[in-house]
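The values are calculated or read from the model by the stated rules, or taken from the named source; none is laboratory data. If you're wondering where the values come from, they're calculated on a predicted model, not measured in any experiment. Neighbour counts are summed over all protein chains in view; Cβ atoms, including those assigned to glycine, are modelled from backbone coordinates with ideal geometry.
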Amino acid sequence: MTEKNKHGKREASVRRTSLGSYWRQYKAWVAGLDRGQKIKYRLFQVLVVLAVLVIAVFLAARAWIRLPEVPNLPTGGGTGTGTGEELEYDGAELPNVAKSGRKDGYYTFLVTGQDVISGSTDTMILVSYDTKNKEIHAISLLRDTMINTSASSKRLNSVYTRNRGDKSLPEDQRVENGMTALKKEVSKLTGIYPDFYVMVQWEAVGELVDAIGGVYFEVPFDMDYDDPAQNLHIHQKAGYRLLNGEDAMEVIRFRKNNDYSISLGDSGRTEIQRDFLVAVLEECLQPDVLLKLPTLANIFLENVDTDLSVGNILAFAELAIGMDPENDVTIVSMPWTGVWYNGASMVVPIEDELLELLNDGINPYVDDIQSSDLQLMYKKSDGSFGVTNGTLADPSMGRAQVSTKPETEEPEEPEVPVEPENPDQSGTSGEGTTTEEPVIPSDPTTPEGSGSGESSGQQPGQGENNPDGSGSSGETGENVPVDPVVPGDPVIPADGSNGGTASGGSDATQGGSNSTAGGEESLTTGNAA
């Protein structure tokens with residue numbers, strides 16, 4: 001045996017002897033403790049182990065609960081479906097301001113509320129979160145905003161459903177497709193391409209409100225509406241009070257009273273939802289909400305689709321705790337003016353006012369958003385439509401329109417139908433996979449299959465009169481449900497001619513067009529959901 005091997009064995013023997021000696025001394029020390037000392041020592045050992053575990057969990061949580069990286073801007077003209085297919089939508093170019101760089105600590109989100117009946121994104125809010133200054137700025141976008149598209153439906157809230165893709169795709173991929181297309185459309189309206197999306201099922205709002213112990217809210221007026229067909233009954237008294245989850249769902253779903261004494265248009269309903277969202281935020285930003293995070297996280301996971309991880313969301317929530325909603329949270333509504341297109345009521349943004357709002361805290365980019373960054377629809381004096389900084393995707397909109405209806409009349413608002421069961425029979429939109437979708441009945445008095453006053457060709461079930469004598473309104477090629485006639489509201493005869501009288505209230509003109517942008521709002525469909 002070499003001298004080296006002998007030396008190594010001696011060192012190992014010394015180490016074993018030393019460890020054994022220490023262990024024997026430790027056992028002798030513990031044996032010498034009295035009963036009280038042993039209890040204290042064992043308790044100390046447990047606390048040390050717990051402390052080590054807490055530190056380990058904390059370090060793991062800190063690695064998991066973290067702010068996300070700002071994603072790269074998309075390139076190309078479509079969104080991948082995961083099968084090699086590209087969903088094309090009009091206008092692939094991004095606004096130049098998006099390439100100017102980011103303000104430090106800014107994150108943007110497109111928050112949408114999905115209608116449980118039609119599947120469309122009826123509530124859309126673009127949110128900017130300045131994590132450095134702890135400020136949230138947001139702008140609500142109206143569902144009836146006219147967009148530049150070759151699709152039959154020209155409304156913003158139809159983009160998501162139209163671009164989800166074939167039903168053979170996984171649901172998470174279809175959600176990604178639809179939301180990517182909607183984010184792109186929002187970038188054309190605002191100059192801001194949202195970093196992330198959060199799509200909430202409205203049913204989750206009631207659960208959230210119950211989980212945080214209710215929300216104090218000023219109900220603006222008595223709400224009384226019944227729709228037996230949907231088993232929907234809304235009965236809320238005006239006034240400031242604590243709303244539970246069921247109350248909250250009734251308030252945010254309200255459109256009109258049974259007697260039409262109150263009838264909200266898109267803007268009016270969005271305003272109530274916006275105010276209610278602020279009230280919910282006020283409750284959620286209280287420090288004691290941390291104790292309710294497990295329950296809130298469970299509600300979130302079951303009712304929300306998003307491209308954020310739970311760890312990302314918890315990181316944002318952690319930063320937001322303690323913010324003052326009165327001073328640190330600002331939510332504004334898109335300035336708009338009303339227009340008619342083929343017998344349907346829509347809105348177009350007022351550019352100057354929109355730019356001012358966007359650059360007042362919402363803009364996440366280094367440069368200010370300019371007029372050249374937006375693609376906005378507008379109505380010309382001859383009744384035709386144009387688009388700023390772009391080419392009309394539907395050339396027919398550029399032709400002069402002759403209408404016997406004044407711009408100030410308030411039409412009935414069509415719903416965005418749900419997806420068809422048979423995608424093979426769907427049409428094409430130029431904005432993605434477009435579908436000619438089935439009617440969803442809204443009121444018991446509205447028959448299934450009410451036609452569209454804009455349809456270029458009559459589809460089965462179209463062109464029929466409603467029992468109350470009212471005709472149909474809507475967009476090209478769509479079957480849409482309508483409300484029964486309201487006294488004083490415009491009536492669209494079954495022969496497709498335009499008639500009726502303007503519904504009450506004086507007209508206010510904005511942006512040089514004779515279109516109502518305030519006062520009375522356009523009537524919505526019978527669906528209060």
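Out of Ile350, Ile362, report the one residue that is crowded, with 17+ Cβ neighbours inside 10 Å and farther than 21 Å from Ala279 by Cα. Spell out how you get there, then give the answer.
Details: Ile362 fails: farther than 21 Å from Ala279 by Cα.
Answer to the selection: Ile350.
Look at (1) surrounded by fewer than 18 Cβ atoms within 10 Å (Cβ to Cβ); (2) touching a strand residue (DSSP E or B) at 6+ places or on another chain (Cβ under 8 Å) and you find that Glu302 fails only one, number (2).
Tell me, which residue of the stretch 159-178 that is of a type in the set (Gly, Ala, Ser) and more than 13 Å from the chain's Cα centre (by Cα) is surrounded by the most Cβ atoms within 10 Å (Cβ to Cβ)? It would help to see each step written out before you state the result.
Start the filter on the stretch 159-178 by keeping residues that are of a type in the set (Gly, Ala, Ser), which leaves 165, 168, 178.
With more than 13 Å from the chain's Cα centre (by Cα) added as a condition, the list becomes 165, 168.
Details: Gly165: 25, Ser168: 8.
Filtering the stretch 159-178 for residues that are of a type in the set (Gly, Ala, Ser) and more than 13 Å from the chain's Cα centre (by Cα), the one surrounded by the most Cβ atoms within 10 Å (Cβ to Cβ) comes out as Gly165.
Can you list the strands (runs of 3 or more DSSP E) found entirely within the stretch 72-143 that contain at least 1 residues being at pLDDT 90 or above and among the polar types (S, T, N, Q)?
Fully inside the stretch 72-143 and qualifying: 106-114, 121-130, 135-141.
Within the stretch 263-277, being at pLDDT 80 or above, assigned to a helix (DSSP H, G or I) and not basic (Lys, Arg) holds for Gly268, Glu271, Ile272, Gln273, Asp275, Phe276, Leu277.
Considering only residues that are more than 23 Å from Pro325 (Cβ to Cβ) and among the β-branched types (Val, Ile, Thr), which ones fall in the stretch 216-261? The answer is Ile234, and nothing else. Name every residue in the stretch 352-377 that is touching a helix residue (DSSP H, G or I) at 6+ places or on another chain (Cβ under 6 Å) and among the acidic types (Asp, Glu), in order of residue number. Across the stretch 352-377, the qualifying residues are Asp367, Asp368, Asp373.
When the residues of the stretch 210-262 are filtered to those that are in a loop (DSSP other than H, G, I, E, B) and charged (D, E, K, R), the one that is surrounded by the most Cβ atoms within 10 Å (Cβ to Cβ) is Arg255. For the stretch 179-187, the count of residues that are buried (at least 23 other Cβ atoms within 10 Å of the Cβ), assigned to a loop (DSSP other than H, G, I, E, B) and either among the aliphatic types (A, V, I, L, M) or free of Cβ contacts under 8 Å to residues at least 24 places away in the same chain (or both) is zero.
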